[in-house]
1. Starting from the Cα-Cα distance between Arg308 and Leu22, subtract it from 0.36 nm times their residue separation and give me the gain in nm to one decimal.
2. Once fully extended, how much extra length lies between Ser118 and Thr136, figured as 0.36 nm per residue of separation less the alpha-carbon to alpha-carbon distance?
3. I need the calculated FRET efficiency for the pair Glu238 and Tyr185, taking r as the beta carbon distance and R₀ as 41 Å, to the nearest 0.05.
4. Taking 24 Å as the cut-off for C-alpha to C-alpha distance, list the pairs among Lys216/Lys332; Lys84/Lys243; Lys83/Lys337; Lys169/Lys216; Lys177/Lys318; Lys25/Lys181 that go past it.
5. So which GluC sites (Glu not before Pro) in region 251-340 are both in a DSSP loop and have at most 12 other Cβ atoms within 10 Å of their Cβ?
6. If packing is taken as the average count of other Cβ atoms within 10 Å, what order do 106-114, 375-383 fall into, highest mean first?
7. Tell me what the chain gives for mean residue ellipticity at 222 nm when only DSSP H runs of n ≥ 4 count, each as -39,500 (n - 2.57), the sum divided by the residue total, rounded to 500 deg cm²/dmol.
8. Rounded to the nearest 5, what % of DSSP beta bridges with both residues in the chain are antiparallel?
Amino acid sequence: MSLIEAIISKKAGYEVTAGETLTLKADLAMTHDGSTPLAYRALKEMGAEVKIPEKIVICFDHTVPPNTVKSAEFQKIALEFVKKFNIKNFHPGGEGICHQILAENYVLPNMFVAGGDSHTCTHGAFGAFATGFGATDMAYIYATGETWIKVPETIRVNIVGENPNISPKDIILRVCKEIGKRAIYKAIEFGGEVVKKMDMSGRLTLCNMAIEMGAKTGVIEADEITFNYLREERGLSEEKINKLKREAIKVEEGNYIKEIFIDITEMEEQIALPHSPDNVKPISEVEGLEIDQVFIGSCTNGRIEDLRIVAKYLKGKKVHKDVKLIIIPASKKVYLKALKEGLIEIFIKAGAMICPPGCGPCLGAHQGVLAEGEVCLSTSNRNFRGRMGDPNSYIYLCSPKIAAISAVKGYITNEG
Ligand SMILES: CC(C)[C@H](C(=O)O)[C@@H](O)C(=O)O
Ligand code: SF4
């Protein structure tokens, strides 16, 4: 049995196998400022009411504050939904990216997390089954509390070796290169000695990009690192932690359709070139490429751990005069920590622009869109053609360290 089969079996109350279809009750259901109005409209069309208000989480994050009349209207409609159905777990603009908010406040091991956003797979980092749905499916979940799913087959990815230069983002880019788009409807289970030692922030980065390989989700076994996070960051009581520990799933002999080993010992930092996250090369092959913009943030790499690394490389330095550097903390909590630790001051002194917690320029709506021919180095997860602006602009994906060093130099480099 794979980890995802075991998690779904526990939820279903009987032993499931990859390929079978069943109905599952959602423990959490999330939509944001983009998907809530669409789910609301579908709900109205179905003539249905919300059945599970206490399980719903609504976050405004994609365009905050609203940048067009249309996005303002969308948020007005979403707010109407929140009020009408008395949604208590509402996070208005400025509180952060939906996935960061879910990680900071709601997700627990063994949950089934349904989200109206493709990067809901991020929460597999907690040992949960978390996946994205379209707005109509989300409306059905809001109306009934459940949905159908097909149990995914599993690709196991083992990360081994040791290398202080390599971050979780380099690892996941390397995995994207290896798997390409061949994980459609599969679960990618991450393990091996490197993942065993990795903090929750890194694990969230890994699972976040499972969708870029077409996967239904990413997943990592809940362990002491997970429980420590829940204790220290989330303030869960010892009683609750002990209950979760008793219920924790350990898989000895996995049922995998494919197993991959990646040794990071000799690995270079990785960069995804335009226009696909699996078009990945070692940094030495793109070193020296001039850049116009650097974006540090997103649900992939906007956490405090990421910002601390960025500050290490920006401290006392100045952003290159031809480069626009945009830094966006993934949540209000991250922002406040960064302020307290003096990171924001370092960023501003270096010449960065700080935008309010949210998705920012990640999907090309605002706060740093690209002109024709411009090159952006980004810590986000997608570099599709035209995603951040003009169809003839170019997005390169990298780790927070490479983004910071390159912003100072004005070209892609790991030397700074
Ligand atoms: C706008 C939203 C529905 C979309 C998604 O589902 O992923 C966005 O978050 C993205 O990253 O492209
Ligand atoms: S930060 Fe980017 S990838 Fe993440 S949810 Fe927002 S738009 Fe999507």
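Read the figures in this text as sums done on the coordinates, not as results from a lab. Remember, predicted model here, so these are calculated numbers, not experimental data. Using ideal geometry, Cβ is built from the backbone for each residue, glycine included, and neighbour counts are taken over all protein chains shown.
1. On the way: separation 286, 0.36 × 286 = 102.96 nm, distance 4.31 nm.
Contour length minus Cα-Cα distance gives 98.6 nm.
2. That pair, Ser118 and Thr136, stretches by 5.1 nm at full extension.
3. Details: r = 39 Å, r/R0 = 0.95.
The computed FRET efficiency comes out at 0.60.
4. Details: Lys216/Lys332 29 Å; Lys84/Lys243 35 Å; Lys83/Lys337 31 Å; Lys169/Lys216 19 Å; Lys177/Lys318 33 Å; Lys25/Lys181 29 Å.
From the list (Lys216/Lys332; Lys84/Lys243; Lys83/Lys337; Lys169/Lys216; Lys177/Lys318; Lys25/Lys181), the Cα-Cα distance tops 24 Å for Lys216/Lys332; Lys84/Lys243; Lys83/Lys337; Lys177/Lys318; Lys25/Lys181.
5. Values: sites: Glu252, Glu253, Glu259, Glu266, Glu268, Glu269, Glu285, Glu287, Glu290, Glu305; in loops: Glu252, Glu253, Glu266, Glu268, Glu269, Glu287.
Those that pass, being in a loop and sparsely packed, are Glu252, Glu253, Glu266.
6. Highest mean packing first, the order is 375-383, 106-114.
7. Helices in the chain give a 222 nm mean residue ellipticity of -10000 deg cm²/dmol.
8. Taking every DSSP beta bridge within the chain, about 20 percent pair in antiparallel fashion.
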